[in-house]
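Trainee: Supplied in structure tokens, the structure appears directly below.
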Amino acid sequence: QVQLVESGGGLVQPGGSLRLACAASGSIFSFNLMGWYRQAPGKQRELVATISRAGKTNYQDSVLGRFTISRDSANNTVYLQMNSLRPTDTAAYYCNAYKNLNIYWGQGTQVTVSS
């Protein structure tokens with residue numbers, strides 16, 4: 001069974017940076033698509049960024065130019081580098097992955113942007 005484990009969340013001041021990591025069981029190239037979602041209290045979960053098996057990336061407009069999704073195939077890990085963080089980025093961030101007909105989720109990691 002697939003496991004996704006997120007790490008790297010925490011408290012950061014506005015304008016600061018964090019790097020989230022999603023460690024997957026097995027090769028990340030076994031997934032058609034991997035990405036990050038986030039969910040703030042009282043709000044629906046929303047897409048942040050995705051990366052395909054071929055390395056194509058896509059971003060939510062609100063994070064474009066500030067966040068970067070990348071991967072390290074040797075360590076089976078997908079990262080989300082978050083720069084110029086804003087209070088509105090505060091949310092639980094979830095890693096997800098698509099494989100065949102299945103969708104997998106990590107447990108989430110909390111990001112809080114506050115002064």
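The values are calculated or read from the model by the stated rules, or taken from the named source; none is laboratory data. Owing to the predicted nature of the structure, the values given are computational and were not obtained by experimental measurement. To get the accessible areas, we keep the full protein, side chains included, count just its heavy atoms, and leave off ligands, DNA and RNA. Shrake-Rupley method; radii C 1.70, N 1.55, O 1.52, S 1.80 Å.
Trainee: Hey, any idea what % of the chain's accessible area is carbon plus sulfur with a 1.4 Å probe?
Mentor: 47 percent
Trainee: In whole angstrom, how far apart do the alpha carbon centroids of region 1-22 and region 27-92 sit?
Mentor: If we compute the Cα centre of each part, the gap is 10 Å.
Trainee: Now a separate question. From the alpha carbon gyration tensor of region 26-92, can you work out the equivalent ellipsoid semi-axes (sqrt of 5 times each eigenvalue) and give them in Å, largest to smallest? Write out the running numbers ahead of the final one.
Mentor: Details: eigenvalues 103, 32, 22 Å².
Value: 23, 13, 11 Å, ordered largest first.
Trainee: Another one. How much accessible area per residue does region 26-115 have, counting only protein heavy atoms and a probe of 1.4 Å, in square angstrom?
Mentor: 53 Å²
Trainee: Let me ask you something else. Report the per residue volume, in Å³, of the convex hull enclosing the C-alpha atoms of the chain.
Mentor: 94 Å³
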